[in-house]
Every structure is written in structure tokens, then in C-alpha cells.
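Novice: Structure provided below as C-alpha cells; questions to follow.
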Amino acid sequence: MNVNAEKIRNYRLQVHHLDRKISMDGILTAAGVCGLQNTPPGAWETSLFNRLNGCTLQALKDALYNKKTLIQAWSYRGVPVVFPTEQSDIFLTPLIAQEGERPWIYTLGITGALDFMQMAFDDLLAMVKEAVLYLDRHTVQSKEALDKTLAGIVCERLPEEKQKLWCAPSMYGKPEKHIVGEAVVSFLLRPCSFSSLVVFGERQGVSPTFTSYKNWVGYTPSRIPDADKELLRKFLHCYSPSTVDCFMN
């Protein structure tokens, strides 16, 4: 089989629905091909505008915020991704580090905070996951407020000697504004997202809001057999010819 660059390009354009637009009825089909990365904010709307006939901003917001047939959460590469709510298990669960695996690569930067706190990754992740249950009953506006709120909850459950370290100036970003605990929470929100514990709510002006999956849609996502294999199939379908190594990297 003769596969050249032009054939590959044409194939990928067709798979991504970029060779010709489909009807608005196909919104879940278009979003479900491989999800829609939403960085910078609004990128997902532009992506669907280029794929759907008669696409309007109101129709997209209705799908994401009212009907909730679409949902936004931190997914692959640790970025905000918009995908069909019915496919949540495909876009989230396979990213959870399995027993015996190292923590997911996005969290490797947390090492400095772990050494400073003299605490293990798994212990802190368990505490942050417990704190995130706060979102089952609340919605928090802005990522900074989310880090601060959850860090405050975790702090109350730490031994006194660890609380002082937790509240010390952060070794990341702006130490005059942020504490170590807020940095730890920020790193660990991605693994919490993969467990369907935190999703994006409705955007308020320039600020995102955050709540739990259960609080947002009213239930927890169903488990799909072999969801990890399905995510791999999506990648290979969208970016063939490719390899598993490309998927892992």
C-alpha cells in the first residue's frame, strides 16, 4: 500500500471532520472523535465552529452548560478538554496511574514540595481527594480560589508540625502570594479529575468555575469495559499511521 503525506493529510482531515462540515446534530460525533482541547479558553468553540454547519455560540453553551451532553475536565496531557459526557470514562479513567506505576508525568514537578513536606505522593493525593469531596456540595469560582479552598481543608487535617510546612511560602511561582499547600493541590487536581472528582462548571466572565462531576451532572460516570483500549483506538483512528509509542509520549 502506497501511503504518502498527501493521503495521510487527507485521511486525518476527513476523520476530524475538517474536510467538510457536518450538521449540528453531529455535535457529539465531532466532539467525541478525540475530544476538544480548550486552551486557550474558547478553543473548543472554535474547533466545533469549523466542523459543524449552523454552529452558534448559544448552541454550544447549551450543550455544555444546560443539557450537559458535553462536559469539560482536565484530561490527556493534563489540559482542559471538552468531550461527550457519555464518554467520560474513556477520557478520564484510563489516565489514572495503575498500581505499581509511577505517578502520572504531569505531577513530577511536585517533587520539590514532597521533599519539603517530607510526605509521600500517595498520602497527599489521598488527602486532596478527600478534600475535593467538598465540591460535591459547592462550586468554586477561579482556579486560584480552588487551590486555596482545598489547601485550607487539607491543612486542618495535617499534624501541627506539617501545617507549618504546608503554609510556608511556595517554592513555585509567586511565594509572596501562594503557599506550598496550594501548589500541592494544584499538581494533584489532575489525578482528581481522572477519578471524576472535579470538573469545570459554567464560566463566569473571565473566570472558570469548578465542582464535582456528581454535583454537575447528578451522577457518577458509568464504567466502560476496556476504556483504556478505547482511548488508544481513538488516538490511532485520528492520527494514523502512528504507533503506541507516539500515544504514550
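The values are calculated or read from the model by the stated rules, or taken from the named source; none is laboratory data. Please read these numbers as outputs of a predicted model, since none were measured by experiment. In this analysis, Cβ positions are derived from the backbone assuming ideal geometry, glycine residues included, and neighbour counts consider all displayed protein chains.
Novice: Kindly check whether there is at least one residue in region 99-120 that is crowded, with 20+ Cβ neighbours inside 10 Å, more than 30 Å from Lys229 (Cα to Cα) and not assigned by TED's automatic domain parsing to the domain that holds Arg233.
Specialist: yes
Novice: Of the residues Leu146, Leu150, Leu165, which is over 27 Å from the mean Cα position of the chain (by Cα) and crowded, with 16+ Cβ neighbours inside 10 Å? I'd like the intermediate steps shown before the answer.
Specialist: Working: Leu146 fails: over 27 Å from the mean Cα position of the chain (by Cα); Leu150 fails: over 27 Å from the mean Cα position of the chain (by Cα).
Every option except Leu165 fails the conditions.
Novice: Specify the residue that is farthest from Gly152 (Cα to Cα); the eligible residues are those in region 72-130 that are among the polar types (S, T, N, Q) and in a loop (DSSP other than H, G, I, E, B). Show your work before the answer.
Specialist: Initial filter on region 72-130 (among the polar types (S, T, N, Q)): 72, 75, 85, 87-88, 93, 98, 107, 111, 118.
With in a loop (DSSP other than H, G, I, E, B) added as a condition, the list becomes 75, 98, 118.
Numbers: Ser75: 25, Gln98: 28, Gln118: 19 Å.
Among residues in region 72-130 that are among the polar types (S, T, N, Q) and in a loop (DSSP other than H, G, I, E, B), the one farthest from Gly152 (Cα to Cα) is Gln98.
Novice: The conditions are (1) surrounded by 18 or more Cβ atoms within 10 Å (Cβ to Cβ); (2) of a type outside the set (Asp, Glu); (3) in contact with a Gly (Cβ under 8 Å, 6 or more places away or on another chain); (4) farther than 25 Å from Leu124 by Cβ, and Gly32 fails exactly one of them. Which is it?
Specialist: It fails just one condition, (3).
Novice: Determine, yes or no, whether Leu70 is surrounded by fewer than 18 Cβ atoms within 10 Å (Cβ to Cβ) and at pLDDT 95 or above. Please lay out each step first, then the result.
Specialist: Working: surrounded by fewer than 18 Cβ atoms within 10 Å (Cβ to Cβ): no; at pLDDT 95 or above: yes.
Here the answer is no, as Leu70 does not meet what is asked.
Novice: Right, something else. Out of the residues in region 45-66 that are assigned to a helix (DSSP H, G or I) and polar (S, T, N, Q), which is surrounded by the fewest Cβ atoms within 10 Å (Cβ to Cβ)? So that I can check it myself, show each step before the final result.
Specialist: Going residue by residue through region 45-66, those that are assigned to a helix (DSSP H, G or I) are 45-49, 57-66.
Now restrict to residues that are polar (S, T, N, Q): 46-47, 58, 66.
Numbers: Thr46: 13, Ser47: 21, Gln58: 8, Asn66: 10.
So, considering only residues that are assigned to a helix (DSSP H, G or I) and polar (S, T, N, Q), the one surrounded by the fewest Cβ atoms within 10 Å (Cβ to Cβ) is Gln58.
Novice: Can you confirm whether region 206-214 contains a residue that is modelled with pLDDT of 95 or more, under 21 Å from Ile96 (Cα atoms) and surrounded by fewer than 20 Cβ atoms within 10 Å (Cβ to Cβ)?
Specialist: Yes, because at least one residue in region 206-214 is modelled with pLDDT of 95 or more, under 21 Å from Ile96 (Cα atoms) and surrounded by fewer than 20 Cβ atoms within 10 Å (Cβ to Cβ).
Novice: Let me ask something else. Can you run down the residue pairs with Cβ atoms below 6 Å, 6 or more apart or on separate chains, where the first is in region 36-61 and without any contact (Cβ under 8 Å) to a residue 24 or more places away in the chain and the partner is in a loop (DSSP other than H, G, I, E, B)?
Specialist: Partner pairs satisfying both residue conditions: Leu48/Cys55; Phe49/Cys55.
Novice: Okay, next question. Specify which of the listed residues (Thr107, Thr93) is within 19 Å of Trp216 (Cβ to Cβ), modelled with pLDDT under 95 and of a type in the set (Val, Ile, Thr). If you could, list the steps in order and put the result at the bottom.
Specialist: Details: Thr107 fails: within 19 Å of Trp216 (Cβ to Cβ).
Being within 19 Å of Trp216 (Cβ to Cβ), modelled with pLDDT under 95 and of a type in the set (Val, Ile, Thr) holds for just one of Thr107, Thr93, which is Thr93.
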